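S.K.: Have a look at this one.
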Amino acid sequence: MGLIKISYIELTFTTKNDEFITDIVVSTIPPQLLVNSVSFSTKLDTNLIKIANNTYTWMKDSIKFAIVYKTPFWKEQGLSGVSFSNVGPFTEMYDHSNFENNKFALMGFLNGALVNESKEAREELIRAQLFKFFGEQGINYLSYEDKVWNKEKLVNFENDHFINPHFNNGHSIYQQEFLNGKFIVAGSETSASYGGYMEGAIYRGNEISEQLKNKFQ
């Protein structure tokens, strides 16, 4: 993914196509992915590597899906579109129509056990569940899409290391600076509040913003 070279004066970040020279690098790469995909010319703190390798990346095991419809038939029937199932294939689903209310969709998450099924196989299973929930209207959709997050190289890397959800999210080591104060590990998983969630990303972003303001005043 990249190479970071550190000196006492400046820091160089090299990607496949570019090179950047800067005073500080703030990484928002999930910590476990960071220490397994970025090379450092100066070795990172051993404790940081240990904790990062055991920090859960929230949503990395999720399969997200969306189904687009011509009309919001569920709203016309006085339904919210919110659905939950302990059986699956989708375990939760929500109305995902846009604010202008001219594009209509249902969005949710699938049972993680379907990760090795093909997209077509997952869609067929969802069609059967939609029919149970909504009848013919449920399967009369325009398009189906899903995203298997653990196959995304910017979210995860291939490994068999099991980590409990939220484990080490917001660990105190992420409040430290590294490489002579030039490298900061950020992102939702490092947030002491709401670690792993979108709120955690916002909280940590605001925290880093204040940290940088104080550093350069």
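S.K.: Please work out if GLU76 is exposed (fewer than 15 other Cβ atoms within 10 Å of the Cβ) and closer than 29 Å to HIS166 by Cα. Reasoning before the result, please.
M.R.: Details: exposed (fewer than 15 other Cβ atoms within 10 Å of the Cβ): yes; closer than 29 Å to HIS166 by Cα: no.
So GLU76 fails the test.
Here's the yes/no breakdown for (1) among the acidic types (Asp, Glu); (2) closer than 26 Å to GLU76 by Cβ; (3) out of contact with any Asp or Glu (no Cβ under 6 Å at 6 or more places or on another chain):
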site: THR91; (1), (2), (3): no, yes, yes
site: LEU106; (1), (2), (3): no, yes, yes
site: GLU123; (1), (2), (3): yes, yes, yes
site: PHE133; (1), (2), (3): no, yes, yes
site: GLU145; (1), (2), (3): yes, yes, yes
site: LYS151; (1), (2), (3): no, no, yes
site: ASN156; (1), (2), (3): no, no, yes
site: ASN159; (1), (2), (3): no, no, yes
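S.K.: Which of the residues belonging to the stretch 34-80 are in a loop (DSSP other than H, G, I, E, B) and among the polar types (S, T, N, Q)? Reasoning before the result, please.
M.R.: So the first thing to find is which residues in the stretch 34-80 are in a loop (DSSP other than H, G, I, E, B), and the list is 41-45, 53-62, 70-72, 77-80.
Matches in the stretch 34-80: SER41, THR42, ASN53, ASN54, THR55, THR57, SER62, THR71, GLN77, SER80.
S.K.: Further, regarding this structure: How do the pairs read when you match residues in the stretch 178-205 that are farther than 22 Å from ASN47 by Cβ and without any contact (Cβ under 8 Å) to a residue 12 or more places away in the chain with residues anywhere that are part of a helix (DSSP H, G or I) and open to solvent by 20 Å² or more (accessible area, probe 1.4 Å), using Cβ under 9 Å and keeping only pairs 6 or more apart or on different chains?
M.R.: From the stretch 178-205, the pairs are TYR194/ALA201; TYR194/ILE202; TYR194/TYR203.
S.K.: To continue, here is another question. Filter the stretch 32-47 down to the residues that are over 24 Å from the mean Cα position of the chain (by Cα) and among the β-branched types (Val, Ile, Thr) and list them by number.
M.R.: THR42, THR46
S.K.: Turning to a different aspect of this structure: Since ILE139 meets every condition but one in (1) in contact (Cβ under 8 Å) with a residue 40 or more places away in the chain; (2) in contact with a helix residue (DSSP H, G or I) (Cβ under 7 Å, 6 or more places away or on another chain), which condition does it not meet?
M.R.: Looking at each condition in turn, ILE139 falls short on (1).
S.K.: Among the residues of the stretch 33-59, which ones are surrounded by 15 or more Cβ atoms within 10 Å (Cβ to Cβ) and either free of Cβ contacts under 8 Å to residues at least 60 places away in the same chain or in contact with an Asp or Glu (Cβ under 8 Å, 6 or more places away or on another chain) (or both)?
M.R.: Residues satisfying the conditions are VAL35, VAL38, ILE49, THR55, TYR56, THR57, TRP58.
S.K.: Tell me, yes or no, whether the stretch 44-56 has at least one residue that is of a type outside the set (Asp, Glu), at pLDDT 90 or above and in contact with a Gly (Cβ under 8 Å, 6 or more places away or on another chain).
M.R.: Of the stretch 44-56, the ones of a type outside the set (Asp, Glu) are 44, 46-56.
Checking which are at pLDDT 90 or above leaves us with 44, 46-56.
The next check asks that each one be in contact with a Gly (Cβ under 8 Å, 6 or more places away or on another chain); those that pass are 56.
Yes, that holds for at least one residue.
S.K.: Taking the condition of being under 20 Å from LEU142 (Cβ atoms), acidic (Asp, Glu) and assigned to a strand (DSSP E or B), how many residues in the stretch 89-126 meet it?
M.R.: Final tally of qualifying residues: 1.
S.K.: Quick one: count up the residues across the stretch 160-211 that are of a type in the set (A, V, I, L, M, F, W, C), assigned to a helix (DSSP H, G or I) and surrounded by 15 or more Cβ atoms within 10 Å (Cβ to Cβ).
M.R.: 3
S.K.: Find all pairs meeting these conditions: Cβ atoms under 7 angstrom apart; at least six residues apart or on different chains; first residue within the stretch 76-90 and closer than 22 Å to GLU123 by Cα and touching a residue at least 24 places away in the same chain (Cβ under 8 Å); second residue among the basic types (Lys, Arg) and surrounded by 10 or more Cβ atoms within 10 Å (Cβ to Cβ).
M.R.: If the second residue must be among the basic types (Lys, Arg) and surrounded by 10 or more Cβ atoms within 10 Å (Cβ to Cβ), the pairs left are PRO89/ARG122.
The values are calculated or read from the model by the stated rules, or taken from the named source; none is laboratory data. Keep in mind it's a predicted model, so treat the numbers as computed, not measured. All Cβ positions, glycine included, derive from the backbone under ideal geometry; neighbour counts span all protein chains shown. To get the accessible areas, we keep the full protein, side chains included, count just its heavy atoms, and leave off ligands, DNA and RNA. Shrake-Rupley method; radii C 1.70, N 1.55, O 1.52, S 1.80 Å.
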